[in-house]
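The values are calculated or read from the model by the stated rules, or taken from the named source; none is laboratory data. Everything numeric here is computed off the predicted structure, so don't read it as measured data. Counting neighbours? That spans all protein chains shown, and the Cβs are built from the backbone with ideal geometry, glycine included.
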Amino acid sequence: MSCFKVAEKFVSINGEGQRAGELAVFLRFCGCNLNCDYCDTRWANTADVKYELASAEDLVTYVKSTGVKNVTLTGGEPLLQADIARLIVLLGASGAEVEIETNGSVSLEEINSLKPRPSVTADYKLPSSGMEKYMLTENFSCLTLRDAVKFVVGDMCDLARAEEIINEYGLIDRCRVYFSPVFGKIMPEEIVEFMKERKLNGARLQLQLHKIIWKPDMRGV
């Protein structure tokens with residue numbers, strides 16, 4: 001039986017994504033295959049990070065004990081975890097509404113076939129991240145209106161590239177589309193002006209609520 005390396009688990013509001021503002025149980029796993037310049041959870045990917053080992057059954061029991069229905073699997077990169085599909089199925093069978101936050105570089109094919117299928121918020125890493133070359137655009141074909149693509153924007157060049165991807169793959173009609181500013185790098189009003197100029201109907205600006213409510217580097221929130 002596989003065990004998961006869990007960097008932290010806690011209940012808070014969803015700070016972003018499709019259920020922003022709703023209560024959720026967060027399960028943050030260790031390890032990531034990318035190294036984005038603006039990563040705000042790099043601590044969870046270091047070799048010396050403290051973690052607990054937990055089975056899928058342990059995590060389902062914890063989630064049920066909270067009384068909170070929404071579950072967000074995050075990281076790091078949760079789709080790198082062995083047996084993540086089994087955990088998702090068990091959580092779904094327990095009545096949880098599962099959302100996966102993925103970095104856009106790992107195939108969604110296995111997740112797409114699960115029943116019940118979780119909702120997905122997939123990043124598309126833009127040029128300022130330094131990781132765009134690792135993006136799997138074939139994942140877009142797996143997405144539906146239950147899912148989202150999140151563009152984390154650091155500058156105006158990122159915005160222009162995001163618009164290209166949105167138009168090339170018809171993302172507005174396929175799934176939800178979010179622009180999220182890199183904290184401290186670009187002002188939200190700059191994104192709004194870009195959206196107005198380009199008539200980006202259907203796209204949404206989304207600020208990270210947890211960084212507004214608490215200190216930007218606070219964990220467990």
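What single numbered condition from (1) surrounded by 16 or more Cβ atoms within 10 Å (Cβ to Cβ); (2) within 26 Å of VAL98 (Cα to Cα); (3) out of contact with any Pro (no Cβ under 8 Å at 6 or more places or on another chain) fails to hold for LEU159?
(2)
Name the residue that is surrounded by the fewest Cβ atoms within 10 Å (Cβ to Cβ), counting only residues in segment 77-97 that are among the aliphatic types (A, V, I, L, M) and more than 19 Å from the chain's Cα centre (by Cα).
The residue in question is ALA93.
Quickly run through segment 134-146 and pick out the residues that are in a loop (DSSP other than H, G, I, E, B) and either surrounded by 19 or more Cβ atoms within 10 Å (Cβ to Cβ) or without any contact (Cβ under 8 Å) to a residue 12 or more places away in the chain (or both).
MET135, LEU143
Kindly list the number of the only condition in (1) surrounded by 22 or more Cβ atoms within 10 Å (Cβ to Cβ); (2) out of contact with any helix residue (DSSP H, G or I) (no Cβ under 6 Å at 6 or more places or on another chain) that fails for VAL149.
Looking at each condition in turn, VAL149 falls short on (2).
What is the residue count in segment 1-27 for residues that are closer than 16 Å to GLY75 by Cα, of a type in the set (S, T, N, Q) and either over 15 Å from the mean Cα position of the chain (by Cα) or surrounded by fewer than 18 Cβ atoms within 10 Å (Cβ to Cβ) (or both)?
1
Any residue at all in segment 55-72 that is over 19 Å from SER12 (Cβ atoms), in contact with a Lys or Arg (Cβ under 6 Å, 6 or more places away or on another chain) and buried (at least 16 other Cβ atoms within 10 Å of the Cβ)?
Taking every residue of segment 55-72 in turn, at least one turns out to be over 19 Å from SER12 (Cβ atoms), in contact with a Lys or Arg (Cβ under 6 Å, 6 or more places away or on another chain) and buried (at least 16 other Cβ atoms within 10 Å of the Cβ).
Which one of the conditions (1) surrounded by fewer than 18 Cβ atoms within 10 Å (Cβ to Cβ); (2) within 19 Å of ASP37 (Cα to Cα) does GLU190 fail to meet, given that it meets all the rest?
If we test GLU190 against (1) surrounded by fewer than 18 Cβ atoms within 10 Å (Cβ to Cβ); (2) within 19 Å of ASP37 (Cα to Cα), just (2) comes out false.
Please enumerate the residues belonging to segment 167-182 that are farther than 26 Å from HIS210 by Cα and buried (at least 21 other Cβ atoms within 10 Å of the Cβ).
LEU171 - this is the single residue of segment 167-182 that is farther than 26 Å from HIS210 by Cα and buried (at least 21 other Cβ atoms within 10 Å of the Cβ).
Here is a check on your reading of the model: is VAL71 within 20 Å of GLY17 (Cβ to Cβ) and out of contact with any Asp or Glu (no Cβ under 6 Å at 6 or more places or on another chain)?
Numbers: within 20 Å of GLY17 (Cβ to Cβ): yes; out of contact with any Asp or Glu (no Cβ under 6 Å at 6 or more places or on another chain): yes.
So VAL71 passes the test.
Is segment 28-50 home to any residue that is without any contact (Cβ under 8 Å) to a residue 60 or more places away in the chain, farther than 27 Å from MET131 by Cα and either surrounded by 15 or more Cβ atoms within 10 Å (Cβ to Cβ) or charged (D, E, K, R) (or both)?
no
So PHE179 clears everything in (1) part of a helix (DSSP H, G or I); (2) of a type outside the set (S, T, N, Q); (3) farther than 20 Å from PRO78 by Cα except one condition, right? Which one?
(1)
Look through ILE191, ILE165 and report the one residue that is more than 16 Å from the chain's Cα centre (by Cα), closer than 18 Å to GLY17 by Cβ, of a type in the set (Val, Ile, Thr) and modelled with pLDDT of 95 or more.
The unique qualifying residue is ILE191.
Take the residues in segment 98-133 that are among the basic types (Lys, Arg) and surrounded by 14 or more Cβ atoms within 10 Å (Cβ to Cβ), then tell me which one is farthest from TYR178 (Cα to Cα). Quick ask: steps written out before the conclusion?
Keep residues of segment 98-133 that are among the basic types (Lys, Arg), which gives 115, 117, 125, 133.
Then keep just the ones that are surrounded by 14 or more Cβ atoms within 10 Å (Cβ to Cβ); that gives 117, 125.
Details: ARG117: 21, LYS125: 13 Å.
The qualifying residue farthest from TYR178 (Cα to Cα) is ARG117.
What do you reckon, is VAL71 out of contact with any Phe, Trp or Tyr (no Cβ under 9 Å at 6 or more places or on another chain), in contact (Cβ under 8 Å) with a residue 40 or more places away in the chain and closer than 20 Å to THR121 by Cα?
It is false that VAL71 is out of contact with any Phe, Trp or Tyr (no Cβ under 9 Å at 6 or more places or on another chain), in contact (Cβ under 8 Å) with a residue 40 or more places away in the chain and closer than 20 Å to THR121 by Cα.
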